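The values are calculated or read from the model by the stated rules, or taken from the named source; none is laboratory data. Bear in mind that the values here come from a model prediction, so they are computed numbers and not experimental data. Backbone-built Cβ (ideal geometry, glycine too); neighbour counts: all protein chains shown.
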Amino acid sequence: MKLASPEYLWLLIVLLLMIIWYVRKKGKSQATISFSSAESISGYKKPIRQHLRHVLFFLRLTVITALIIIISRPVIESSDEEVKEGIDIVIALDISSSMLAMDFKPNRLEASKDIAVEFINKQKYDRIGLVVFSAESFTQCPVTLDHAVLINMFNDIKQGLIDDGTAIGYGLATAVNNLTESKAKSKIIILLTDGENNAGDVDPLVAADLAAKYDIKVYTIGVGKNGFADMPVNTIFGQQVQKVEVKIDEETLKMISDKTNGRYFRATDNMQLKEIYKEIDKLEKDKLREKSTKKIEEKFMFFLKIAIILLVIEILLRLFVFRTIP
């Protein structure tokens, strides 16, 4: 509990002035009577009522104290962070054959799935959806708060679900379509790819303009080491591991993020990808936590009741117990 207007406590000086006045008044109001002998009053005892006459003054002081506290506004304050509204997120995941490269453990696709699931488990209030793309794209799971269902959808992802290729424009456009009706305070797309746009009829930058139109922020992540990476390749001798050159269109990914006020990241191993998810989470959550709502509960009624009760008691005592006889 605190006082909203503590400056009124200076009025407590009035109590000190009243006490000084009361003591001086009682000292001056003592009457004197002459007796021929003290023997006649030697057995006289003051009645209890006379001893309790100061109770009236004490009650008056208490009433005034309660009134001063009331005008000082006793309140209880509490604040609630605005985090319950949450964020709407769509993860757009490249599932082309190059995502089977083994520069991540066990490979890029499985690492991306596992780390995304870790991220999802920490988003208590966020609605999250999943879009996968290769030569085409489709919504694996619409944005939802049922994260258990979403995680099951992640576990079902495999390379080869759709024709091979890398249609970044298709993947981004499909992710945007999942957020056009969103009323969330913050809407973001996390787009992961390890290649260049080589399929589909939608230009990635046109899809980025569409995201910007709906105030959707796109965080792009280039997945893969620089140079060459080991990748399983089907040959006439069966599946063999070969060195394949890593080609990520970083320029396009940066332009997508710039157009939508997002950021571009490059992940070259599992740990770096985890840190990127943490950074994205921090960027979005800090924005939501900038404001907090304050709840103020007035507590003057308790002191008002005390003042009224004591005032009534004082009046009754003055009328029926300590009244003076004319």
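Looking at this structure, is Glu82 touching a strand residue (DSSP E or B) at 6+ places or on another chain (Cβ under 8 Å), at pLDDT below 85 and not β-branched (Val, Ile, Thr)?
Yes, satisfied.
Checking the structure you have, find out if any residue of region 121-134 is crowded, with 19+ Cβ neighbours inside 10 Å, assigned by TED's automatic domain parsing to the domain that holds Phe228 and either touching a Lys or Arg at 6+ places or on another chain (Cβ under 7 Å) or assigned to a helix (DSSP H, G or I) (or both).
Taking every residue of region 121-134 in turn, none turns out to be crowded, with 19+ Cβ neighbours inside 10 Å, assigned by TED's automatic domain parsing to the domain that holds Phe228 and either touching a Lys or Arg at 6+ places or on another chain (Cβ under 7 Å) or assigned to a helix (DSSP H, G or I) (or both).
Quick test for you: out of Val149, Val90, Val75, Val143, pick the one residue that is over 30 Å from Leu9 (Cβ atoms) and over 22 Å from the mean Cα position of the chain (by Cα). Write out each step before concluding.
On the way: Val90 fails: over 22 Å from the mean Cα position of the chain (by Cα); Val75 fails: over 30 Å from Leu9 (Cβ atoms); Val143 fails: over 22 Å from the mean Cα position of the chain (by Cα).
Residue meeting the stated conditions: Val149.
Evaluate the following for Ile91: is it in a loop (DSSP other than H, G, I, E, B), among the β-branched types (Val, Ile, Thr) and within 25 Å of Val206 (Cα to Cα)?
no
Considering only region 145-156, state which residues are β-branched (Val, Ile, Thr) and touching a helix residue (DSSP H, G or I) at 6+ places or on another chain (Cβ under 6 Å).
Result: Ile151, single match.
Could you please give the count of residues in region 135-157 that are surrounded by fewer than 17 Cβ atoms within 10 Å (Cβ to Cβ) and in a loop (DSSP other than H, G, I, E, B)?
The qualifying residues number 5.
Restricted to region 158-186, and to residues that are in contact (Cβ under 8 Å) with a residue 40 or more places away in the chain and not in a loop (DSSP other than H, G, I, E, B), which residue is surrounded by the most Cβ atoms within 10 Å (Cβ to Cβ)?
Among those residues, the one meeting the criterion is Leu172.
Being of a type outside the set (A, V, I, L, M) and free of Cβ contacts under 8 Å to residues at least 60 places away in the same chain is the filter; apply it to region 8-22 and report the residue that is surrounded by the most Cβ atoms within 10 Å (Cβ to Cβ). Full working, then the answer.
Of all residues in region 8-22, those of a type outside the set (A, V, I, L, M) come to 8, 10, 21-22.
Among the residues that remain, those that are also free of Cβ contacts under 8 Å to residues at least 60 places away in the same chain are: 10, 21-22.
Working: Trp10: 10, Trp21: 10, Tyr22: 15.
Out of the qualifying residues, it is Tyr22.
Can you name every residue in region 201-235 that is among the small types (Gly, Ala, Ser), within 15 Å of Glu251 (Cα to Cα) and under 30 Å from the mean Cα position of the chain (by Cα)?
Ala208
Out of region 201-237, which residues are modelled with pLDDT under 90 and not in a strand (DSSP E or B)?
Lys225, Asn226, Gly227, Ile236, Phe237
Any residue in region 248-259 that is assigned to a strand (DSSP E or B) and of a type in the set (Ser, Thr, Tyr)?
Within region 248-259, none of the residues are assigned to a strand (DSSP E or B) and of a type in the set (Ser, Thr, Tyr).
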